[in-house]
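Visitor: Input: one structure, supplied below.
The values are calculated or read from the model by the stated rules, or taken from the named source; none is laboratory data. No experiment lies behind these values; they were computed from the predicted model shown. Positions of Cβ are backbone-derived with ideal geometry, glycine not excepted, and every protein chain shown enters the neighbour counts. Note: accessible area is taken over every heavy atom of the protein model, side chains too, but ligands, DNA and RNA are not part of it. Shrake-Rupley method; radii C 1.70, N 1.55, O 1.52, S 1.80 Å.
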Amino acid sequence: MWVLVVLSCNTVEVPGDAEACAGLQCTAGTCFSNAGQPMCRCGPWEAAAELTCSVATFRQPDDHGGSPDSATVLTLPMSPREARISEGTRVEMWDRDLFAVTVPERGLYAFSCTRLTLAECRVRLLDAEGRSRHVLAASEGARESWFATLTEGTWYFEVSGGASAGRYNYQLVSLGTDDHGDTFEEATVLEEGSRGPFSVRLSHIFDQDMFVFRSQVGHGYRFICEAPPGPGLWMELGFDDFAFVDQASGATGAPLALSLGATSVHTWRVSIVADSGPFPVEARCRFEDLGRDEHGDTLETATPVTAGVPVGLTLQSRDDVDVFSFAGEAGHVYSVRTDGAGPWSAQVVDGTGANVASSTTDRLRARVGTAGTHYLRIQGGPDWEHTFSLTLVDAGVDDHGDSPQTATVITPGTTVTGRFETPADTDAIAFLAEPGGIYLATYAPSERLSFNPRGVAGSLTLGEGRHLFGGWEAGPVTMMFQPRNDAEGFSLHLEQVAVDDHADHSAEAQQVRLPVDISGVVQTAIDTDVFSVRLEEGRRYRLGLDTGPLAVTLVAPGGGLSRPVSGVLVPVFTGPHLMMLTGASGLAQVPWRVTLQAE
């Protein structure tokens, strides 16, 4: 067998990296020549980022690289810019856009991706070694934002579209330096004693500012913050293991407060977040060490006080109760006066602890039934108003009786005032009505009073604190006053405005005979003038009415009613007929004259 061996002196040159990779891009990593074929190799950064490195073949040119050496460098501040996630020409060919930023110092940042034609925005935060870092995201329509606290160094934001391709806008915004740490380890330490006010700036919805302090046994503590109306502020007080003991939230602009009555030496945390914007949310806060409780919480440890002498107090916590003792006199009414905003819960109990009165400091009225030691308990109130001055007020005995039997008796032409010693106090004022007497009672403040008349008189309300009485017979008329809407007292003026000249009711009606020529005056809106005359069925009578604006009613036997007018009157019944005249307005006095004769 023969073997033909052909020897050649020509060599084949394999293309190098530059030649093989000319005009090509890698989805990530570095392009190199593998026996003349372009391939992409992942470095340590890409490996840490768990990327696939392959030659990029997209239907549109790739506008942003996917590795640190090809990343788009961002310089702040910047406006939103448009970018594109390109569509791959092969299955599993995914475009990723990488953006790099160099941070000079620790701060808060927000990276946003607004979908234009891209169906989905996926964003990762990667550090200088390629490791993925946790970020918090929030959505608002087509815009999604990722929030992160970045330390000094270079950081990367990677945008991808999942299985989608399309256009989007991106932007990186610096939210400034975080003024307080977000974790227990990074929390701002509140030193012993009070501190404040100081500022708290919540840069975004995930920003949490945290504080820690060390409690002392028996001390009370308050952490108080105030923000403008609108943003929803949420505060929490808890152990270092994140079990909370107090919470406060609101968006009205009113101060929010956390309260603690410490029973041990312990490290506590306070955290503050804003669950709604607009961001940033600026708040002013203060931390107060209120010291030890200066007044006892029980009847046995109560602080003695004297009526009229102010005493200072501090409610160390929301649950703190300060108790004061005083010598109560039988029949006296006691209240309290404070110089703070309040109100605070207030209760008076007797020596056995039985309730005498319970209300708030601005409304408390306690009537002592039996002389002896009584106790005033104060607690609660606005959490941010905890230090104030309190004075026990002895209002003396009740100025007016509570019933018709114990009423204060006055005469017409008299002005009298009253004070409501308790919110349930009733003051009774009485006068002796004369037969036919018409009286006007004027009282104030009418819109804050409950007015209830009783007695031997008709009554009519004229409105705006005016009331008419018409005496049917001699006897007492009692006016019962009670407070409404926190009224503290009242004034009353009584005057007699007229004496009725004719009876008001059929039982007392004057009986007249034909021919009739009778006159009188309807005196005020409460007055009705009535007289009786006998008429025969079918007979013609000549009636004359000079009654002005008054209404005239004729009541036939059996109760039939008619409205007669001047002229001929022909009754349909035989017997006594009643004629009634009414209709004066307010305090007006309207004269009248009636004539009647048979034809």
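Visitor: Under a Cβ-Cβ cut-off of 12 Å, what is the net charge of the residues other than residue 311 that fall near it, where Lys and Arg count +1 and Asp and Glu count -1? Can you show the working numbers first?
Guide: Values: positive: 337; negative: 294, 322, 339.
Combined, the nearby Lys, Arg, Asp and Glu give -2.
Visitor: What 222 nm value per residue comes from the helices of the chain, counting each DSSP H run with n ≥ 4 as -39,500 (n - 2.57) and dividing by all residues, nearest 500 deg cm²/dmol? Mind dumping the intermediate values first?
Guide: Numbers: 2 runs with 9 residues, N = 599.
Helix contribution divided over all residues of the chain: -500 deg cm²/dmol.
Visitor: Over region 21-142, average the accessible area per residue using a 1.4 Å probe and give it in Å², no decimals. Mind showing how you got there, number by number?
Guide: Working: 6480 Å² over 122 residues.
That works out to 53 Å² for each residue.
Visitor: Another question about this same structure. Kindly identify region 303-397 as rounded, prolate or oblate by the Cα gyration tensor criterion: order the square roots of the eigenvalues as a ≥ b ≥ c, call it rounded if a/c is under 1.5, otherwise compare a/b with b/c, prolate if a/b is larger, else oblate. Kindly include the intermediate steps, with their values, before the conclusion.
Guide: On the way: a/c = 1.89, a/b = 1.67, b/c = 1.13.
Prolate, since a/c reaches 1.5 and a/b exceeds b/c.
Visitor: Over the chain, with every protein chain in place, what whole percent of the accessible area is carbon and sulfur at 1.4 Å, could you tell me? Mind dumping the intermediate values first?
Guide: Working: 15070 of 29350 Å².
About 51 percent, which is the carbon plus sulfur part of the accessible surface.
Visitor: Here's another thing I want to ask about it. When the Cα centres of region 294-332 and region 501-516 are compared, how far apart do they sit, in Å?
Guide: Between the Cα centres of region 294-332 and region 501-516 lies a distance of 69 Å.
Visitor: If you count only protein heavy atoms with a 1.4 Å probe, what accessible area per residue comes out for region 303-397, rounded to a whole Å²?
Guide: Per residue, region 303-397 has an accessible area of 41 Å².
Visitor: Mind ranking 294-304, 574-584, 84-94 by how tightly packed they are, going by the mean number of other C-beta atoms within 10 angstrom, highest first? If you can, show how the numbers build up before the last one.
Guide: Working: 294-304: 14.1, 574-584: 18.5, 84-94: 15.7.
So the peptides 294-304, 574-584, 84-94, ranked by packing, come out 574-584, 84-94, 294-304.
Visitor: List the extent of the Cα atoms of region 510-598 along each of their three principal axes, largest first, rounded to whole Å.
Guide: The principal-axis extents, from largest down, are 40, 23, 20 Å.
Visitor: Kindly report the accessible area of region 188-292 per residue (heavy atoms of protein chains, probe 1.4 Å, no ligands, DNA or RNA), in Å².
Guide: Details: 4440 Å² over 105 residues.
That works out to 42 Å² for each residue.
Visitor: Calculate the length of the line joining the C-alpha centroid of region 582-599 to that of region 111-182, in whole Å.
Guide: When both Cα centres are located, 92 Å separates them.
Visitor: Under 8 Å for C-alpha pairs, at least 6 residues apart: give me the relative contact order for region 303-397, rounded to a whole percent. Each step should come with its number before you reach the end.
Guide: Values: 241 pairs, mean separation 41.7, N = 95.
Reported as a whole number, the value is 44 percent.
Visitor: Still on this structure, I have one more. Hey, can you rank 110-118, 147-155 by average C-beta count inside 10 Å, highest first?
Guide: Working: 110-118: 19.0, 147-155: 16.6.
Highest to lowest by the protection proxy: 110-118, 147-155.
Visitor: Evaluate the relative contact order of region 510-598 (contact order divided by residue number), counting alpha-carbon pairs under 8 angstrom at least 6 apart; express in whole percent. Intermediate results must be reported in sequence, preceding the final value.
Guide: Values: 220 pairs, mean separation 42.6, N = 89.
48 percent.
Visitor: Assign one of three labels to the chain, namely rounded, prolate or oblate, based on the Cα gyration tensor with a ≥ b ≥ c the square roots of its eigenvalues; rounded applies when a/c is under 1.5, prolate when it is not and a/b is larger than b/c, and oblate otherwise. It would help to have the intermediate numbers written out before the result.
Guide: Values: a/c = 6.24, a/b = 2.27, b/c = 2.75.
It is oblate, given that a/c is not under 1.5 and a/b is not larger than b/c.
Visitor: Would you please classify the overall shape of region 38-115 from the alpha carbon gyration tensor, given that a ≥ b ≥ c denote the square roots of the eigenvalues, rounded means a/c under 1.5, and beyond that prolate means a/b larger than b/c while oblate covers the rest? Before the final figure, lay out each step's value.
Guide: Working: a/c = 2.51, a/b = 1.45, b/c = 1.72.
In terms of gyration-tensor shape, oblate.
Visitor: Out of residues 5 or more away from residue 103 or on other chains, whose amide H comes under 5 Å of its own, with H placed 1.01 Å from N in the peptide plane?
Guide: Counting only residues 5 or more places away or on other chains, the set is 153, 154, 155.
Visitor: Note down the Stokes-Einstein diffusion coefficient of region 286-327 in µm²/s, whole number, using a Kirkwood radius over alpha carbon pairs, 4 °C, and 1.567 mPa s.
Guide: On the way: Rh = 11.4 Å.
After rounding, the answer is 113 µm²/s.
Visitor: Multiply the residue separation of residue 52 and residue 501 by 0.36 nm, subtract the distance between their alpha-carbon atoms, and state the gained length in nm to one decimal.
Guide: Values: separation 449, 0.36 × 449 = 161.64 nm, distance 11.32 nm.
Between residue 52 and residue 501, full extension yields 150.3 nm more.
Visitor: Over all directions, how big on average is the projection of the convex hull of the alpha-carbon atoms in region 188-292, in square nanometres? Working shown, then result.
Guide: Numbers: hull surface 23.3 nm².
Averaged projected area of region 188-292's Cα convex hull equals 5.8 nm².
Visitor: With an 8 Å cut-off on Cα pairs and a minimum separation of 6 or more residues, tell me the relative contact order of the chain in percent.
Guide: On the way: 1608 pairs, mean separation 42.4, N = 599.
It rounds to 7 percent for the chain.
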